[in-house]
1. Could you give the length gained on full extension between residue 122 and residue 138, defined as 0.36 nm per residue of separation minus the Cα-Cα distance, in nm?
2. What's the angle, to the nearest 10 degrees (0 to 90), between helix 285-302's Cα axis and the longest principal axis of the chain?
3. Spin-label point model (7 Å from Cα, Cβ direction): what's the residue 85 to residue 171 distance in nm?
4. What is the Cα convex hull volume of the chain when expressed per residue in Å³?
5. HN-Hα J couplings of segment 223-234 from phi, Karplus 6.51/-1.76/1.60, θ = phi - 60°, integer Hz, Gly and Pro as x?
6. Give, in nm to one decimal, the length gained when the segment between residue 32 and residue 241 is fully stretched (0.36 nm per residue of separation minus the Cα-Cα distance).
7. Need one number: nm distance between label points at residue 208 and residue 17, each 7 Å from Cα along Cα→Cβ, rounded to one decimal.
8. Take the alpha carbon gyration tensor of segment 98-275, find the square roots of its eigenvalues, order them as a ≥ b ≥ c, and report rounded if a/c is under 1.5; if not, report prolate when a/b exceeds b/c, else oblate.
Amino acid sequence: MRPVVPFVSSASPDERQTWRAALPQALDGIAAVKPFEDLTEEERTAARVAIVANPDPANVAALPNLVWVQSLWAGVERLMSELPADGPQIVRLTDPQMAETMSEAVLAWTLYLHRAMPRYMAQQRQKIWQDHELKSPQERTVGVLGLGKLGAASALRMKANGFNVLGWSRSKKTIEGIVCRHGRDGLLEVLGQSDFIVLLMPLTDETRGLIGQDELSVCKKGASVINFARGPIIDTAALINALDNGPLDHAVLDVFDEEPLPPSSPLWDHDKVTVLPHITAPTGISTTSRIVADNIGRYFEDGTVPPAVDRERGY
Ligand code: NAP
């Protein structure tokens, strides 16, 4: 008999419905995917792996013999904070295509800033016909904070497009063509030298509020920030202050402290802010389902649990 894999989710009904249709199809022949609510007591006890998307932690706890959970999202900060440290291993979604998608987004929005699109759009609204000096990519520096799968791919793509690239990570790194820094001094150096600062790191205890007033104050005059990581990594009040009073020129934000961004947020109307609704690197339902099916299939075949989140490190 095929093993039963619980699907534990408190996402919106529409979203759950979509996954409930896609996952059983992808795992056909490997396992039977069953919503948590429909599990029998025996199935709860027997479950070794579950698929989770915004799960209620109490439901995960009600599966006492879980070895690991497969998240349907790339970011797992909520799971990390809500599941007990001695709970199941957490496997986040890693999609090889995502680095391609994300680096394309980094390129697109860096070029948006590099070619002064916000400025020309504002001029059009005021019917102003005026050109501004165009610098070459070689005269611009992109600082990429976070050199993991997404950050490294983005750094290399920026390099291939002619930009100088500085990178920053927790541990020391070597990436050909990229000047890599780490540590507090390294962060300040990257911030101080970059025209475009791209955030691509996970939200952890260490990175929450990492970019605040002190860090923004060392940025170059006229620098811009692109946050494609997680909202709380930047202190929003400090960001608005740096946009209003210098040194920052613009911020492209795809992620926020609260999502959807509440209508009352001053970011919506700020003329130096571009708001994106968390769209830079979405993972499609079919790709995700295939990755999840591969991971779970391998586990049932030979017991391999995919690389899990390091609880100590927080990512
Ligand atoms: P990853 O492979 O785990 O890489 C994370 C990088 O961040 C690593 O280079 C790591 O340093 C660095 N880092 C972690 N903590 C740090 C700290 N305290 N100080 C300095 N550097 C630190 O993650 P990834 O797959 O590239 O994804 C990065 C993040 O992108 C995700 O966590 C998620 O928040 C975000 N994301 C956003 C979207 C979107 O649509 N906006 C989509 C997918 C992902 P080491 O190399 O030294 O470990």
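Read-outs throughout are calculated quantities, based only on the coordinates presented, and are distinct from any laboratory measurement. Quantities reported herein were computed from a predicted structural model and do not represent experimental measurements. Virtual Cβ from ideal backbone geometry, glycine too; neighbours counted across all protein chains shown.
1. On the way: separation 16, 0.36 × 16 = 5.76 nm, distance 2.61 nm.
Contour length minus the Cα-Cα distance gives 3.1 nm.
2. With rounding to tens, the tilt is 50 degrees.
3. Taking the two extended label points, one gets 2.1 nm.
4. Values: hull volume 46.3 nm³, N = 315.
Hull volume over Cα atoms, normalised by residue count, gives 147 Å³.
5. Per residue, the Karplus-derived 3J(HN,Hα) values read 6, 10, 10, 10, 9, 10, 9, 8, x, x, 5, 9 Hz.
6. Working: separation 209, 0.36 × 209 = 75.24 nm, distance 5.23 nm.
Extra length from residue 32 to residue 241 when fully extended: 70.0 nm.
7. 3.5
8. Values: a/c = 1.59, a/b = 1.19, b/c = 1.34.
Oblate, because a/c is 1.5 or more while a/b does not exceed b/c.
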